[in-house]
Amino acid sequence: MTKYTLLTFLVIISALVARGQQKDPLDKIIITAQKGKTRVTAGENGELQVNVSPKDVRTFKTAGRVRYRDFGARGDGKTDDIDAIAATHAFANLHGLPVKADDGATYYIGGKERTALIRTDTDFGTAAFLIDDTQVQNRNASVFTVGSDLKPFKLETITSLKRNQEKIDATLPGPCLITVTNANVKQYIRFGLNQNNGSAQTDIFVVDKNGTVDKNAPIIWDFDQITDITALPIDEKPLKITGGRFTTIANKAESKYTYYNRNIAIRRSHVLVEGLEHRVTGEGDHGAPYGGFLSIGDCSYVTVKNTILTGHRTYSTIGAAGKPVTMGTYDLSVNRALNVSFVNCSQTNDINDNTYWGILGSNFCKNLLYDHCILSRFDAHQGVANATIRNSTLGHMGINAIGTGLLLVENSTIRGRSIVNLRSDYGSTWQGELVIRNCVFVPANGKPTNAALINGFNSGQHDFGYTCYMPERITIENLRIDDARHPETYQGPAIFTNFNPEMRDSSYQEKFPYVITKEVILRNVTTASGKALRVSDNPFMFRAVKVTADR
């Protein structure tokens with residue numbers, strides 16, 4: 001009897017699903033090392049029984065990696081391989097081994113509720129993965145979750161926080177991601193067709209083992225009370241996910257807000273995703289929206305590089321206000337995450353085709369970056385602290401953001417309706433600075449339009465849960481506005497659109513005053529139309545803005 005005969009491992013894989021989903025799937029995988037063939041069998045309760053022969057255990061360890069075929073994956077594009085894939089990762093996680101897919105294989109993944117937990121480097125290579133969403137047991141169960149062995153814990157002694165506080169009173173095992181909420185304060189109280197009652201006050205930041213806050217991602221709210229504060233230790237060793245040719249066969253569900261999250265969920269810090277491709281097929285005249293094929297959340301220091309993505313077809317439903325709305329549907333989502341970079345990423349469909357929704361949605365983030373990307377949209381819903389778009393081309397949905405800090409757009413071409421759209425459903429607020437440098441703006445992708453550089457709306461009558469600001473200072477340097485095609489009545493591009501058409505004189509009273517920009521600095525701004533840049537169609541609203549122009 002070898003030492004392996006008596007060795008039984010119980011591995012419980014818990015998929016850390018995206019925030020707001022209805023069910024938290026718990027997949028149990030029991031790994032045993034006993035004589036006989038290595039095999040994977042599914043029990044009646046969905047539990048996987050994985051037996052790995054002692055000989056194979058030694059072989060896999062000697063090889064220094066495992067493959068899906070080692071655990072029975074067929075890779076023929078027809079057999080459902082998700083059980084074998086999940087078992088492979090469970091074994092790899094147990095022994096700290098990387099995983100390698102077979103080049104040229106096509107792994108079919110059906111609608112079974114099974115999530116493969118990735119905790120080691122994984123090379124999908126040139127293998128194809130066919131994810132069939134036409135008959136899904138649980139639309140909220142990720143296909144893969146990139147997770148950590150480190151466990152979160154509560155910080156019971158911290159009862160309040162201040163904006164820009166430099167240190168928290170805690171001794172920690174190492175660097176941690178801190179998430180704090182106050183359920184008694186509501187913010188981001190949404191306005192418009194998708195109106196809602198807001199979200200609990202939330203912040204997320206990184207501290208070192210002594211509790212010192214990373215000054216590049218500061219605390220942005222005052223918390224007079226804290227109802228929950230959690231520390232998640234940060235994995236400092238990088239984890240790599242490389243390659244893979246993923247195709248989603250789209251769901252054909254009713255068009256309503258039942259998001260599908262059959263994706264790769266990244267719930268671990270220090271992750272690099274490189275060389276991945278994701279395509280979508282089978283979209284018809286209706287379907288439920290998607291929450292993001294790459295779903296990044298509750299983590300920091302994540303880079304997605306040299307990756308090809310796909311925008312999803314836009315469908316309509318009835319919104320919270322009882323009127324038809326187009327539903328947001330994403331291939332990228334980032335929620336409660338810091339220091340997330342997209343580098344040299346593009347998409348398979350035309351970035352200017354408005355039948356496809358903008359590719360990114362994000363909430364509660366800090367330090368987001370696009371660099372050398374060609375994508376249809378950058379978007380920050382419930383706030384981003386610091387965002388950079390550089391060396392990139394943005395399509396029909398352009399740059400949409402609310403938040404704080406520095407919003408920097410440089411060396412980029414913007415083909416949306418404005419360079420920056422400050423989202424009106426969250427108060428068109430940016431508490432900080434906007435810099436636009438060395439850019440080309442093609443309003444509405446060259447269609448005749450009355451161009452405005454900065455778009456938004458705030459009536460001053462809605463309580464968003466916070467004071468709303470326009471960027472205090474806006475610097476626009478070396479900007480070329482390609483407005484050669486324009487309406488006959490065109491008076492030239494405006495810096496600001498008409499943020500409140502009803503505010504025509506001092507008789508207009510705001511219940512919740514909107515703090516207007518103090519200063520705009522213009523350097524070398526040129527137009528194809530030859531018409532000069534104007535302040536706004538609403539000169540009264542922007543009467544106090546100081547504009548300094550230097551050609």
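Under the criterion of Cα pairs below 8 Å and six or more residues apart, the relative contact order for segment 460-551 equals 43 percent. Calculate what fraction, in whole %, of the accessible area of the chain sits on carbon and sulfur atoms when a 1.4 Å probe is rolled over the protein chains. Ligands and nucleic acids excluded, carbon and sulfur reach 47 percent. Given a 1.4 Å probe and the protein chains as shown, ASP463 ends up with an accessible area of around 70 Å².
A 1.4 Å probe run over segment 467-514, with the rest of the protein chains in place, finds 56 Å² accessible per residue. Here LYS154 is the anchor, and the lysines within straight C-alpha reach of less than 16 Å, apart from those fewer than 8 places off in the same chain, are LYS209.
Taken along the Cα-to-beta-carbon direction at a fixed 7 Å, the label points for ASN210 and VAL515 span 3.2 nm.
Would you mind calculating the relative contact order of the chain from Cα pairs under 8 angstrom and at least 6 residues apart, reporting the percent as a whole number?
8
Measuring with a 1.4 angstrom probe and ignoring ligands and nucleic acids, ARG313 comes out at about 80 Å² accessible. For the chain, the longest principal axis of the alpha carbon atoms and the long axis of helix 82-95 meet at an angle near 80°.
Distance from the Cα centroid of segment 137-167 to that of segment 421-457 is 33 Å (rounded to whole angstrom). Over segment 291-337, accessible surface divided per residue gives 28 Å², non-protein components excluded, 1.4 Å probe. First check a/c for segment 296-433, with a ≥ b ≥ c the square roots of the eigenvalues of its C-alpha gyration tensor; if it is under 1.5, answer rounded, and if not, answer prolate when a/b is larger than b/c or oblate otherwise. It is rounded, given that a/c, with a ≥ b ≥ c, falls under 1.5. On a per residue basis, segment 34-122 carries 44 Å² of accessible surface, using protein heavy atoms and a 1.4 Å probe.
The values are calculated or read from the model by the stated rules, or taken from the named source; none is laboratory data. This is a predicted model, so every value here is computed, not measured. Virtual Cβ from ideal backbone geometry, glycine too; neighbours counted across all protein chains shown. Surface areas here come from the heavy atoms of the whole protein model, side chains and all, with no ligands, DNA or RNA. Shrake-Rupley method; radii C 1.70, N 1.55, O 1.52, S 1.80 Å.
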